[in-house]
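Just below is one structure, and these are the notes that go with it.
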Amino acid sequence: MLTRELLAFRVSKGVLRPAFVKRDDEALLSLASELLATVESSRGETSDDVEETLGLSAGAFTRPKIARGLVKLVLDRLVFEEPAPGASEARWERFTTAARTLRTLPPDTSVEGYEARLEQTLGVPLTDARAALYADLPGNRKLLGWDGEAPTAQVLVDRYNLALAQGPLLSARRLTLRARSPELLRVRKVLRWLKFCRLVAEVRRDGPDWELEVEGPGAMLAMQKKYGLQLASFLSVVPVLERWELKATVEPSRRQATLTLSDKDPLVSPLPAALGHVPEEVLSLSASFADDAWELDLTPLPRHVGAASLCVPDLTFRHRASRQEVALELFHPWHASALTRRLAELRTRPDTGLLLGVDRALLSKEPTERETLEAHPQVVLFHGFPSAKKLRERLGKLEAARAST
Amino acid sequence: MDGSCELHFDCGTLVAPTLPDDARLLALFQKDGRTGVYRAPAWHYRDVVLRLRELGVGYDDRAKRFEPLEVALTVPIQPFPHQSAALEAWTKAGGRGLVELPTGAGKTLLAVLAIAHVKRPTLVVVPTLDLMTQWQGVLARHFSVPVGMLGGGVNDRQSLTVTTYDSAAMQTEFHGNRFGLLVCDECHHLPAPSYRFIAEGSLAPYRLGLTATLERTDGGERVCEELLGPRVHRTDIRELQGEYLAPYEVKQVAVPLTADEKARYDEARALYLNFVRKLGVRLSAPDGWARFLAQSQRSDEGRAAYRAYREQRRIALTSSGKQEVLWRILLAHREDRVLVFTDDNETVYTLARRLLLPALTHHTPVPERKALLAAFSSGELPVLLTSRVLNEGVDVPEARVGVVLSGSGSVREHVQRLGRILRKRPGKRALLYEVCSAQTAESGISERRRQHDAYQEEP
């Protein structure tokens with residue numbers, strides 16, 4: 001992240017726009033390469049020296065503020081050695097010697113007299129003793145390398161643009177994200193990241209488009225807790241959506257403004273590119289599920305369950321006439337603890353619109369627990385994958401129950 | 001209990017999927033349109049539970065993750081009268097409230113008594129790492145249960161845990177449901193926007209705020225009262241001086257700059273102030289300093305003005321005359337324990353290297369801090385140099401002499417620094433030197449910070 005003085009943005013008519021750099025800005029890519037090369041050649045040098053060398057490169061660049069921003073992002077990713085063992089003990093020795101010397105001085109001793117006596121007692125030049133005294137302070141620690149993989153120049157420039165957008169978000173309380181016709185796997189990834197960031201969202205759908213009002217759990221209350229860091233972290237995943245717009249009320253100085261971002265901006269997600277996949281069985285069911293009454297939707301429609309959980313079901317059935325929706329979440333043999341948690345959450349807050357598809361391998365050997373699960377009105381048991389026939393039967397019963405109430 | 005209502009803790013908030021139809025209860029929550037549950041700040045937990053009990057409604061409490069704790073004092077404590085009075089007032093207030101006692105009056109022991117009284121897992125929040133280690137030591141001495149710490153690279157949560165405001169602000173959403181008693185030491189820090197959540201996001205039904213100086217210029221004490229409870233006890237510094245606090249004397253030493261220093265000081269200060277005037281910035285305005293900083297980075301002239309600001313400040317804070325005066329004080333008090341306060345770490349380390357004296361700053365690792373304070377107590381290391389980390393609360397009863405070499409204009413900072421040397425010891429008379437560069441802006445700063453009762457009375 002960039003500190004406040006390194007942020008660059010313009011506010012015009014209440015709209016805040018980060019001063020993004022072009023991704024293919026040759027001068028900047030060249031500076032980024034130079035900074036990365038400096039890091040490589042500075043291994044073993046002290047933190048203060050590395051910072052100074054990088055700072056000089058930044059100062060010489062035609063756009064020093066941008067360059068200082070790049071330096072900050074580089075420094076954030078560097079790892080320095082831990083203090084050498086024994087530094088603290090050696091220091092202790094010096095202090096106790098100095099304390100003893102001070103006590104024995106005559107009352108009219110000058111500071112020069114004290115220094116001379118000290119040097120004599122220590123047996124080393126005072127200049128050396130002074131230089132070594134705090135050699136283990138953070139600024140004196142030696143550079144080991146990168147925390148993780150070394151970035152490329154392009155990655156560094158991309159991170160800079162992202163950080164320019166994240167900075168103002170630190171002062172935000174919520175953001176609104178609109179995604180236009182996103183691929184389902186991309187939405188799923190965004191929703192997973194939302195949960196990871198401990199944020200909540202009100203999700204609205206407008207045809208193929210999605211709108212998410214994202215904020216922290218306590219944002220609706222008169223609490224001082226800000227979720228800026230979490231919102232800024234959430235922004236990392238947004239570019240995954242490909243076609244999107246984002247708005248947030250921010251207060252980077254003392255005046256409020258509306259931060260607006262979109263896929264037109266040069267923002268790249270630093271998260272791994274993999275999106276996951278829709279299982280073959282789900283695709284197969286989707287292709288073969290032909291029913292006059294129900295249609296099948298693979299859209300990951302999130303549901304808030306229990307007191308504070310978010311569930312992203314695998315599929316949703318929609319009754320063609322009544323538009324009643326029934327979501328299906330699948331639990332495979334490796335989901336035992338997740339199933340236990342979901343059952344507890346359904347007890348806390350019943351949700352008749354959610355079916356749990358449970359692999360029979362998860363059935364307990366304990367007869368009572370087994371019978372309870374088998375008789376659970378929201379559980380559909382299956383081997384490998386629930387059949388279309390079984391699902392149709394269960395959906396038919398649910399619609400009949402709804403119609404009779 | 002399998003009740004008709006469930007309570008959950010979610011990231012510093014209290015969540016109920018359903019609630020009985022009761023106006024007072026519903027008024028404590030808000031309906032969360034995003035997730036469909038009822039949500040309240042976690043600190044409403046006490047009122048919610050009391051109301052549910054009053055209504056006779058069964059409830060399943062899945063929010064709190066603590067139970068009564070068997071904590072007995074290892075050795076009985078004989079409290080001072082003011083401590084007994086404070087504990088009684090706090091207990092009468094239902095185990096919520098603020099206690100204002102002067103530094104050195106035994107606030108830590110009061111908290112020990114409160115923990116022993118309510119017998120609940122307790123989180124103690126303190127401003128600095130030094131106070132964290134000190135509180136940990138005191139609690140460990142008085143209770144036979146392990147006492148954990150969170151902060152400064154230590155991550156050991158126990159039923160009794162001490163943490164810093166900074167760490168607590170980040171951790172409350174995760175552990176705000178694990179403690180029944182929240183103790184905020186130096187609670188005048190709590191109203192800061194980034195710290196309020198520590199009390200807002202905690203379920204703790206019992207709360208104790210401790211401070212020597214509750215009043216804030218921004219009226220923030222009302223936030224303390226809302227989140228921790230009303231002020232239930234106050235004892236003034238002059239009520240305890242002599243009997244429970246050491247008598248003290250404050251000596252001001254004005255040190256002239258050398259001719260060369262004065263010339264360099266005047267030149268740098270003129271450059272800095274001319275730029276400020278040209279900008280039309282009033283430095284006394286709330287955003288004056290921020291505006292100066294921002295403008296100073298936008299031109300060569302601005303950057304030169306900023307360098308000049310630092311230079312004139314450095315000259316005033318570390319003049320050769322000041323260093324000479326410090327040396328004379330150290331020599332005169334070489335049989336005493338002396339705390340030297342400066343305004344910044346740079347000065348601390350400069351002096352530490354020059355005289356080979358130990359420095360205590362935020363860079364000092366926790367184990368070394370503990371060792372330094374212990375050696376200072378024992379007399380093995382009779383001098384400690386520090387910037388601001390020892391300003392508050394740290395218990396160094398052996399310290400008799402304080403030297404304020406530089407500091408801000410804050411009255412609170414100055415009072416707290418004085419408090420470091422006021423711990424009562426038989427025959428002890430505390431002495432605070434305030435060394436100030438004459439004919440510089442530092443004289444004005446000195447005047448501002450001495451506006452407290454403690455300085456208005458001749459000893």
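The values are calculated or read from the model by the stated rules, or taken from the named source; none is laboratory data. Remember, it's a predicted structure, so these values are computed and weren't measured experimentally. With ideal geometry, Cβ positions are generated from the backbone for all residues, glycine too; neighbour counts draw on all protein chains shown. To get the accessible areas, we keep the full protein, side chains included, count just its heavy atoms, and leave off ligands, DNA and RNA. Shrake-Rupley method; radii C 1.70, N 1.55, O 1.52, S 1.80 Å.
For chain B, the mean residue ellipticity at 222 nm estimated from helices alone is -12500 deg cm²/dmol, where every DSSP H run of n ≥ 4 contributes -39500 (n - 2.57) and the total is divided by all residues, rounded to the nearest 500. Each listed q (0.11, 0.14, 0.22 Å⁻¹) maps to a log10 I(q)/I(0) for the stretch A:243-358, found by the Debye formula over equal Cα scatterers with no solvent: -0.59, -0.84, -1.21. Sequence-ordered 3J(HN,Hα) estimates for the stretch A:194-201 from the Karplus curve with 6.51, -1.76 and 1.60 and θ = phi - 60° stand at 4, 5, 4, 7, 6, 10, 10, 9 Hz, glycine and proline given as x. Distance between the C-alpha centres of the stretch A:237-305 and the stretch A:121-196: 25 Å, rounded to the whole angstrom. Relative to the Cα centre, the charge distribution of the stretch A:280-404, modelled as +1 at Lys and Arg Cβ and -1 at Asp and Glu Cβ, gives a dipole magnitude of about 280 debye.
Rounded to the nearest whole Hz, the Karplus-based 3J(HN,Hα) values (6.51 cos²θ - 1.76 cosθ + 1.60, θ = phi - 60°) of the stretch B:58-64 follow the sequence x, 8, 9, 8, 9, 7, 6, with x at glycine and proline.
Per the Cα gyration tensor, the stretch A:87-135 maps to an equivalent ellipsoid with semi-axes of 20, 12, 8 Å, ordered largest to smallest. Applying a threshold of 30 Å to the alpha-carbon distances of B:262/B:370; A:225/A:247; B:370/B:428; A:226/B:31; A:142/A:225; A:13/A:225 flags B:262/B:370; A:142/A:225 as lying beyond it. The A-B contact accounts for roughly 4700 square angstrom of buried accessible surface, both chains included, probe 1.4 angstrom. Under 5 Å between amide hydrogens, built in the peptide plane, is the criterion, and for residue B:255 it picks out B:436, B:437, B:438 among residues at least 5 positions away or on other chains.
Close amide H pairs (under 5 Å, H built 1.01 Å from N) link residue A:380 with A:356, A:357, A:358, residues at least 5 positions away or on another chain. Surface composition of the stretch A:265-405: carbon and sulfur atoms hold 55% of the protein heavy-atom accessible area at a 1.4 Å probe.
In the stretch A:156-203, the residues that give up 50 Å² or more of accessible area when the other protein chains are added, compared with the chain on its own (1.4 Å probe), are A:198.
Calculated over the stretch B:259-317, the projected area of the Cα convex hull averaged across directions stands at 3.9 nm². Express in whole angstrom the spacing between the alpha-carbon centres of the stretch A:1-26 and the stretch B:290-360. Here the two parts' Cα centres lie 36 Å apart. Of interest is the spacing of the C-alpha centroids, which for the stretch B:250-283 and the stretch A:338-373 amounts to 74 Å.
Need one number: % antiparallel among DSSP beta bridges in the protein assembly as shown, to the nearest 5. Intermediate values should be presented prior to the final figure.
Values: 56 of 118 bridges.
Bridges in the protein assembly as shown that DSSP calls antiparallel: roughly 45 percent.
Spin-label model, residue B:346 to residue A:369: label points 7 Å out along the Cα-to-beta-carbon direction sit 6.5 nm apart.
By a 1.4 Å probe calculation restricted to protein chains, residue B:436 has an accessible surface near 10 Å², given to the nearest 10.
Dipole of chain B, Cα-centred, from +1 at each Lys and Arg C-beta and -1 at each Asp and Glu C-beta, to the nearest 20 debye?
Values: 60 positive and 56 negative charges, 136 e Å.
Value, rounded to 20: 660 debye.
Within the straight-line cut-off of under 13 Å between alpha carbons, the aspartates and glutamates reachable from residue A:390 are A:291, sequence neighbours fewer than 8 places apart in one chain being disregarded. Annotation: lysines with alpha-carbon distance below 29 angstrom to residue A:389 (same-chain offsets under eight excluded): A:365, A:397.
Among B:163, A:176, the sequence by solvent-accessible area, most first, with a 1.4 Å probe is A:176, B:163.
Eigenvalues of the alpha-carbon gyration tensor of the protein assembly as shown, scaled by 5 and square-rooted, set the equivalent ellipsoid semi-axes at 56, 36, 25 angstrom, largest first.
Decide, for the stretch A:151-236, between rounded, prolate and oblate: order the square roots of the alpha carbon gyration tensor eigenvalues as a ≥ b ≥ c, take rounded if a/c falls under 1.5, and otherwise choose prolate if a/b is larger than b/c, else oblate. Oblate is the answer for the stretch A:151-236, as a/c is 1.5 or above yet b/c matches or exceeds a/b. Specify whether the C-alpha gyration tensor of the stretch B:80-174 places it in the rounded, prolate or oblate class, a ≥ b ≥ c being the square roots of the eigenvalues: rounded for a/c under 1.5, otherwise prolate if a/b is larger than b/c and oblate if not. In terms of gyration-tensor shape, prolate. Remark on residue A:209: its backbone amide H falls under 5 Å from those of A:181, a criterion applied only to residues 5 or more positions apart or on other chains, H modelled at 1.01 Å from N. Couplings for the stretch A:115-128, taken from phi via the Karplus curve 6.51 cos²θ - 1.76 cosθ + 1.60 with θ = phi - 60°, read 4, 5, 5, 5, 4, 5, 5, 6, x, 9, x, 4, 4, 5 Hz in order; Gly and Pro are left as x.
Going from the isolated chain to the complete set of protein chains, the stretch B:154-184 loses at least 40 Å² of heavy-atom accessible area (1.4 Å probe) at B:173.
The charge dipole of the stretch B:81-240, taken about its Cα centre with unit charges on the Cβ atoms of Lys, Arg (+1), Asp and Glu (-1) only, comes to about 500 debye. In this calculation the C-beta distance from residue A:337 to residue A:278 is compared with R0 = 22 Å, giving a FRET efficiency of 0.40.
Out of the DSSP beta bridges found with both residues in chain B, what percent are antiparallel (nearest 5)? The antiparallel fraction comes to roughly 20 percent. Residues of the stretch A:100-128 that bury at least 40 Å² of accessible area once all protein chains are present, compared with their chain alone (1.4 Å probe, heavy atoms only, ligands and nucleic acids left out), are A:102, A:103, A:107, A:111, A:114. Protein heavy-atom surface of the stretch B:63-164, 1.4 angstrom probe: 53% of the accessible area is carbon and sulfur, with nucleic acids and ligands not counted.
For the pair residue B:310 and residue A:130, what calculated FRET efficiency results from E = 1/(1 + (r/R0)^6), where r is the Cβ-Cβ distance and R0 = 25 Å, to the nearest 0.05?
The calculated FRET efficiency here is 0.65.
Simple rule: put +1 on each Lys or Arg Cβ and -1 on each Asp or Glu Cβ in the stretch A:87-135, find the dipole, and look at A:109, A:126, A:97; the Cα lying farthest toward the positive end is A:97.
Accessible surface area normalised per residue over the protein assembly as shown is 44 Å², counting heavy atoms of protein chains with a 1.4 Å rolling probe. Look at the dipole of the protein assembly as shown built from charges on Cβ: of A:362, A:3, B:206, the Cα furthest out on the positive end belongs to B:206.
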